[in-house]
1. From the square roots a ≥ b ≥ c of the eigenvalues of the alpha-carbon gyration tensor of the stretch 143-291, which class results: rounded (a/c under 1.5), prolate (a/b over b/c), or oblate?
2. Measure off, as a whole percent, the carbon and sulfur share of the 1.4 Å-probe accessible area of the chain, all protein chains present.
3. Place the peptides 70-76, 666-672 in order of packing, highest mean first, counting for every residue the other Cβ atoms within 10 Å and averaging per peptide.
4. Per residue, how big is the convex hull around the C-alpha atoms of the stretch 615-711? Give it to me in cubic angstrom, could you?
5. Starting from one equal scatterer on each C-alpha and no solvent at all, send me the Debye-based log10 I(q)/I(0) for the stretch 423-487 at q = 0.25, 0.28 Å⁻¹, two decimals.
6. If the only charges are +1 at each Lys and Arg Cβ and -1 at each Asp and Glu Cβ, what is the size of the charge dipole of the stretch 247-373 around the Cα centre, to the nearest 20 debye?
7. Given the C-alpha atoms of the stretch 95-226, compute the convex hull and give its volume per residue in Å³.
8. Size of the dipole of the chain about the Cα centre, Lys and Arg at +1 and Asp and Glu at -1 on the beta carbon, nothing else charged, in debye to 20?
Amino acid sequence: MPTLSQRVAGWLIARRVVLAGLALLAGVVAVERARHLEFSRSIDAMFDRTDPALVPYHRVARTFGSGEVLVVAYDDADLFSTAGIARLRTLTDRIAKLPGIAAATSLATTPLGDGIVDVAGNPAAAALVTLLEGYVVGTDRRTAAVVCVLAPAAGDGTQPGRGATIDTLRTLVADLPEGTVAGEPVMLRDGFAMLERDGDLLGTTAGLLAAAVLLVSFRSLRWLVAPLAVVLLALWTTRGVLALLGLRLTMVSTMLSAMVTVVAIGTVVHLIVEFRRQRSLGLPPEAALREALSILMWPIVGAIATDCIGFGSLLVSRVGPVHDFGLMTAIGAVMVLLAAAALVPFLALAGRFSSDPRRAWGEELLDLGLDRLVKRIVAQPWTILAVTAGVVAVAVSGMRWLEVETDYIRNFRRGSAVVRSYEMVETRLGGAGVWDVLVPTTDPPDAATLAAVARLERRLREEVIVPGADGGSAPGLTKVMSLADLLDALSPVKLADLERSRVGGWVVGGALALLRQREPRLTAALWGRDPDDGSAWLRVMLRSRERQPAAAKRAVIAGVRRIVAEEFPAAPDRPGGEVTGFFVLLAQLVDRLLADQWAAFLVATAGILLLLAVSLRSVVLALVALVPNALPIFLVLGMLGWIGEPVNMGTAMIAAVSMGLSVDSSIHYIVAFRRRLALDGAVEAALGVAHETAGRAMVFATLALVVGFLALLSSSFIPTVSFGALCCLTLTGGLAGNLVVLPVLLALVAPWLTPPRSMPSDGSTVSGPAPSPYTVAPATPETP
């Protein structure tokens, strides 16, 4: 009686035309739906959705109307002259009148007017310029900046898009010395435009490179078209499903195409190799395909299942893009299985021209190498294991030096516009790390609250320190500014004196009213009311260096939080001070990447172990399958620690993803090994057959995938580059592990395995003798 896999194989072949037609229809529908798939361009999408720091981050945008701020900066050696301030005023006025700009603030908009340049003769001008250093003027007194608050998106077409506003601003400063536009909206606009280009280009390039390898390997246009068709159908149906589910692409979604390509090509290559072997045994094309599908059905289903587990393990991540990437790639793996089932039978048998994949040039050398490798494994298993264990131990010891990448600028190539603009802010305006402290207050603020804010600022300036370049200490905050500083700079009476005065409240109230009248933009950025709950808040604007070690960033943030908690503790009747900002959120994000990586790896390992133990009906074989696939991951991560390469968003996903991908080959190898071992218990013969079948397919698939992944190295987004490079290394390491370490382990545990007398092609146990489908026979001449 036919087995389940034989019945399924026969059904797929008998209905191949109908299935191909349905696949084509599904592809057309998916392409139409995928047109509605969008990138998530929100900063929030990058972070842990449960992060409590997002609450005050949203409060800043609601209360101060400055959720989207741009900085237009340029160099002017004569800034502090009548002509220099006139140029700045002209630029500021032109920017303020642009559609999409709500407000523009610069050194030219202060209450002192042109008198701001008289820093030598006017104490008020000197105090105000000192206050605004790092905000609208550089510490070098020649870097001018215009702080632009973007108008809220109208959604009715009356306001231009953010991209149009940014392009207009860039046109305005294009002719100015070192003119640039920076800020979170610029980063988002440029970064996501870059990623969208990468998503299309890299997926296409990876597919073409892998296709070139397949064409050289099998020298058959039919077997070039088949895997590419599976890739395209799986990719478009994946995107269509994502659109139907209302999901959006994120910063790491550029790797989706590459991952779908990996799974699809690996699946089809195993079918190609087995189909070619069945043809060499003399079977006609349809019978050979039926036998190949029957033999490989359960290994392919198991491989796709492990892919889904590996990708799906990323769902435990609290980092938005990583979490979403896990869901998207798991859906993509399922689509590969469906696409292969629908397309491969039709494409393999359609037409009258030759259906046979041919042997690659030099494949005889591959056969010889695989045969010698089996003999070496059988002869020296313990030596191989000892060398492997030594290498892994040395590599793993480097993992203690693994660090996370906290410099967001390093996510982009140095020559990109995003990096150039941030470097100017970093070096000329006190640092690209922008964040805030929110302090609850009465409305209007009283003298006591403002004096308390002044004390808070003094402690922040004095107590938050980091190691300096000279080995000493340096301030951890390059800029601390609040409404208290603004009042101190413009008022002849200090806040400390007003706090002790009986009329201090009257004086502060009058000063605030005058300040709102003379400097409404800057005042509104430092004092406001939350429209959601009506609470009033003062804002302390902080700036720090973006480019500093992760430990230094953690220390700075912890220091600020400690001081804020001490100065403004929460009480039952009022909230305490809050620390937030992109600088804080990003630091927490990268801190969680490493922890999430190991959590996802453990989930992937446990899930795959359970699946293998059930499907192979052996815990021993399940453990054996995991070892050669885990070793390359530890080797690569240990190597990153040794060379001091920090972990970014791309490398943080490599452990779980690689485990899911590499174990695919182990499943094919173990099934082939067990099937041959079931005949007579001959370990060397079983290893030889496994190398001849699954091992050969591993080599072709890994070669195609590594070459395809090289396309990711050209990405403009550095995490994508890192992911591509590490995937190449782990896939190559997985190939070595499955061809060397896995056979050694199988040879050692073979005496404890109790193979049945024979196994049919679907892997189920039956009684009675049966011919092996992996009997090696001399190859018959292939049809050219």
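1. Working: a/c = 4.98, a/b = 2.87, b/c = 1.74.
Prolate shape, in that a/c is at least 1.5 and a/b is the bigger ratio.
2. Answer for the chain: carbon and sulfur cover 63 percent of the accessible area.
3. Values: 70-76: 22.1, 666-672: 26.9.
Order by mean packing, descending: 666-672, 70-76.
4. Working: hull volume 11.6 nm³, N = 97.
Convex hull volume per residue, Cα atoms: 120 Å³.
5. -1.13, -1.25
6. For the stretch 247-373, the charge dipole is close to 200 debye.
7. Numbers: hull volume 23.4 nm³, N = 132.
Enclosed volume per residue, from the Cα hull, is 178 Å³.
8. On the way: 68 positive and 67 negative charges, 351 e Å.
The calculated dipole for the chain is roughly 1680 debye.
The values are calculated or read from the model by the stated rules, or taken from the named source; none is laboratory data. Keep in mind that this is a model prediction, so the values were computed, not measured. Don't worry about glycine lacking a Cβ; one is built from the backbone with ideal geometry, like all the others, and counts go over all protein chains shown. These accessible areas exclude ligands, DNA and RNA; they are computed on the full protein's heavy atoms, side chains included. Shrake-Rupley method; radii C 1.70, N 1.55, O 1.52, S 1.80 Å.
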